[in-house]
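Trainee: Below you will find the structure I want to go over with you.
The values are calculated or read from the model by the stated rules, or taken from the named source; none is laboratory data. Predicted, not measured: the structure shown is a model, and the values here were computed from it. Cβ coordinates were reconstructed from backbone atoms using ideal geometry, including for glycine residues, and neighbour counts include every protein chain displayed.
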Amino acid sequence: MFRSMLAAPFAALALVASASAQSPYLAPPTDPVKLDLARQLIAASGGEKGAEDRLKAIFQTTDQIIAAGSRPEIAKLTERFQADMRVELLADVPQLMDASARAYAKVLSEQELRDYLAWLRSDSGKAIAAKGIQIQQVALATEMPLLTKLMSGSIQKALDRTCQEEGCTPDQRRTLVAMMSKAFPALAKGQGGG
């Protein structure tokens, strides 16, 4: 349940943080019964502890990917940054959970909330919720390397298209490649030149 909000860890969280005050979707719902049911949904799916465990699983996976694909000095800096990010994001879990509860209350009907809550309290719902972190770890372990590879290819195509359409100078292209290579090391290995 919380996985969908955290699947794209940092970009999504930054977007939520910057837009939450302005978003009409996160405004308090008019029905306090629906909000209470939504909060029960969050609690039944693992609550604050579950959300913290999911964040930790995301960080663990990204730590492994960064360590495997970065130079030692970059990996060390990134590890330090990740440690600080953990502290910051874990402190924001209650706020993120409240935003999720408000989103569920805003989008789902009272009956849908009751049905979802009944399922989460069923034996199957409890078992799946208990395995949620394991599912997320397996999914992240298989998705993140593929996503990184696909993103590198997408960035290369977008870079080529942008420079072709905008008439990049060789210096502008090198600057763009250098910026993207910091985030996507595959580009630094000769794929982004030109």
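Residue by residue, here is whether (1) at pLDDT 75 or above; (2) touching a Leu at 6+ places or on another chain (Cβ under 8 Å) holds:
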site	(1), (2)
55	yes, yes
59	yes, no
63	no, no
69	no, no
78	yes, no
82	yes, no
87	yes, no
90	yes, yes
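Trainee: Something else now. Just the residues that are within 13 Å of residue 42 (Cα to Cα) and touching a Leu at 6+ places or on another chain (Cβ under 7 Å), please, taken from the range 105-155.
Mentor: Those that are within 13 Å of residue 42 (Cα to Cα) and touching a Leu at 6+ places or on another chain (Cβ under 7 Å): 105, 113, 114, 116, 117, 120, 129.
Trainee: Considering only residues of the range 26-53 that are at pLDDT below 80 and surrounded by 13 or more Cβ atoms within 10 Å (Cβ to Cβ), which is farthest from residue 135 (Cα to Cα)? Break it down stepwise before answering.
Mentor: So the first thing to find is which residues in the range 26-53 are at pLDDT below 80, and the list is 26-30.
Then drop every residue that is not surrounded by 13 or more Cβ atoms within 10 Å (Cβ to Cβ), which leaves 26, 29.
Numbers: 26: 28, 29: 31 Å.
Checked the range 26-53; the qualifying residue farthest from residue 135 (Cα to Cα) is 29.
Trainee: Test residue 146 against the criterion of being in a helix (DSSP H, G or I) and modelled with pLDDT under 90, and give yes or no. Break it down into steps so the answer makes sense when it comes.
Mentor: On the way: in a helix (DSSP H, G or I): yes; modelled with pLDDT under 90: yes.
In short, yes.
Trainee: I'm checking my understanding of the structure. Among residues of the range 94-136 that are more than 26 Å from residue 34 (Cα to Cα) and surrounded by fewer than 16 Cβ atoms within 10 Å (Cβ to Cβ), which one is modelled with the highest pLDDT?
Mentor: Going through the qualifying residues, I end up with 131.
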